[in-house]
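Working notes, beginning with the structure itself.
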Amino acid sequence: MLKKLLEKQNLRLIVELFFLFLFGFLAFQDRIQLWLVFLVLGIILALGWGRFFCGWLCPMATVFRGINWLYKKLSIKRFRGSALLRKPWIRWLAFLVLLGIMIISRQTGREINLVLYIFALGIFLTLLFQESFWHRYLCPFGVPLSFTGGRTRNYLLVDEENCTNCGLCDRVCPGEAISHTEEGKRKIIKKECLVCMNCLPICPVKAIDWN
């Protein structure tokens, strides 16, 4: 079982690095808008496999992993983010602003590399704040992804009977996608789960698996 989990993590790293390279190549070729094709596919396919785009393909998430590793080595702490900015409507506001800029850009004929700007903003904020602050509350792409991801047929599920409420899955979840049940057990929020699988190998009783 452990070997299979490690193989999945290695596969994820390979896929992440490939799409990070692809993102950089498109940016270098000044064709970054083509990245929106992968984003749209990720939104559609999230109906079947959840937000795997966020956990496996998104270049920001890949860079975030590098930042997390470095900060952990250097014992650098980051801010959690103010309560005001940790409201659900903040992400909706960011999404509406993004749509507004795209509409204005199309009407005026002026191209704006929104993808690059959002990428740079996400990296900058994650240098200061915890990774979950971006994933859960600020990323404008999280709005459509959480909508389709919340309706996925395949998702990670916590077996509440075996859950010991140790909280280890909470600590490694980059999207704050794990909540508490009335019985004090853990529960994964489908629409917020990034399908990164960080919680799978960390669970000491193997209470987390695909539904």
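The values are calculated or read from the model by the stated rules, or taken from the named source; none is laboratory data. Just so it is clear, the structure is predicted and the values come from calculations on it, not from any experiment. Glycine also receives a Cβ, built like all others from the backbone with ideal geometry; neighbour counts cover every protein chain displayed.
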**OP:** Please list, ordered by first then second residue, the pairs with beta carbon atoms under 8 Å, 6 or more apart or interchain, first in region 27-45 and touching a residue at least 60 places away in the same chain (Cβ under 8 Å), second not in a helix (DSSP H, G or I).
**Re:** I32/N113; Q33/E111; Q33/N113; L39/F141; G42/R51
Subject >> Residue identified as out of contact with any Asp or Glu (no Cβ under 6 Å at 6 or more places or on another chain) and either in a loop (DSSP other than H, G, I, E, B) or under 30 Å from C203 (Cα atoms) (or both) among L116, L93, L125, L99 >> reply: L125
Original post:
Is it the case that F23 is under 14 Å from F141 (Cβ atoms), surrounded by 15 or more Cβ atoms within 10 Å (Cβ to Cβ), under 20 Å from the mean Cα position of the chain (by Cα) and modelled with pLDDT of 90 or more?
Top reply: yes
Original post:
Just checking, which of P144, P201 is modelled with pLDDT of 95 or more and part of a helix (DSSP H, G or I)?
Top reply: P144
Original post:
Of the residues T148, T164, T108, which is among the hydroxyl-bearing types (S, T, Y) and either buried (at least 16 other Cβ atoms within 10 Å of the Cβ) or under 17 Å from the mean Cα position of the chain (by Cα) (or both)?
Top reply: T148
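Here is a yes/no grid of residues against (1) assigned by TED's automatic domain parsing to the domain that holds E131; (2) more than 15 Å from L17 (Cα to Cα); (3) exposed (fewer than 15 other Cβ atoms within 10 Å of the Cβ); (4) at pLDDT 95 or above:
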residue: W49; (1), (2), (3), (4): yes, yes, no, no
residue: C58; (1), (2), (3), (4): yes, no, no, yes
residue: R65; (1), (2), (3), (4): yes, no, no, no
residue: L70; (1), (2), (3), (4): yes, yes, yes, yes
residue: K87; (1), (2), (3), (4): yes, yes, yes, no
Original post:
Restricting the search to region 47-73, which residues are among the small types (G, A, S), out of contact with any Leu (no Cβ under 6 Å at 6 or more places or on another chain) and touching a residue at least 12 places away in the same chain (Cβ under 8 Å)?
Top reply: G48, G50, A61
**OP:** Considering (1) buried (at least 21 other Cβ atoms within 10 Å of the Cβ); (2) touching a strand residue (DSSP E or B) at 6+ places or on another chain (Cβ under 9 Å); (3) on the phi < 0 side of the Ramachandran plot, say which one F141 fails and leave the rest.
**Re:** (2)
